[in-house]
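Take a look at the structure set out below.
The values are calculated or read from the model by the stated rules, or taken from the named source; none is laboratory data. Not measured: the values here are computed from a predicted model. FYI the Cβ positions are ideal-geometry reconstructions off the backbone, even for glycines, and counts take in every protein chain you see.
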C-alpha cells in the first residue's frame, strides 16, 4: 500500500511540475495570452491569475512591493494595463514587464 501511495504522489508531482516553471516568453507573448480581458477572463484565467499572484507573492516576500487587501483580479488588471500602455517594450522578457508593472504600482515606501 505504501509503495502504491508513493507511486501516486510521484506521478501527480511529475504531472504538475511543468506548470510550476517560470514563463519564458516575451512580454508580447504574455500579453497575447493574458493581456486582454478575453484571454485572462476566460480561456487562460487559471494560468494568468495564479502565475501573476505567485509573481506578486515572490516580490512581496523580497520586499520589492508592498500591498494589502489586493485580489488576483486587481493584480491581473494592473499587469494588463501596464502591458497595454508600454507596447514599445513588449519584446523584453515577460518577467521584466510584469516586475516593472508591479513595482511601479506597489513600490514599498
Open item on the list: residue 101 - would you say it is at pLDDT 95 or above, in a helix (DSSP H, G or I), under 17 Å from residue 23 (Cα atoms) and in contact with a helix residue (DSSP H, G or I) (Cβ under 8 Å, 6 or more places away or on another chain)?
Closed with: yes
Task: Cross-chain or 6+ apart pairs with Cβ under 9 Å, the range 36-57 first and at negative phi and surrounded by 15 or more Cβ atoms within 10 Å (Cβ to Cβ), then outside any helix (DSSP H, G or I) and at pLDDT 80 or above - done: 53/71; 56/65; 56/67; 56/70
Task: Selection count, the range 65-80, where residues are surrounded by 13 or more Cβ atoms within 10 Å (Cβ to Cβ), out of contact with any helix residue (DSSP H, G or I) (no Cβ under 6 Å at 6 or more places or on another chain) and under 15 Å from residue 107 (Cβ atoms) - done: 1
Open item on the list: I need a count of the residues in the range 57-89 that are under 14 Å from residue 23 (Cβ atoms) and not in a helix (DSSP H, G or I).
Closed with: 0
Task: Single unsatisfied condition, residue 83 versus (1) buried (at least 17 other Cβ atoms within 10 Å of the Cβ); (2) under 12 Å from the mean Cα position of the chain (by Cα) - done: (2)
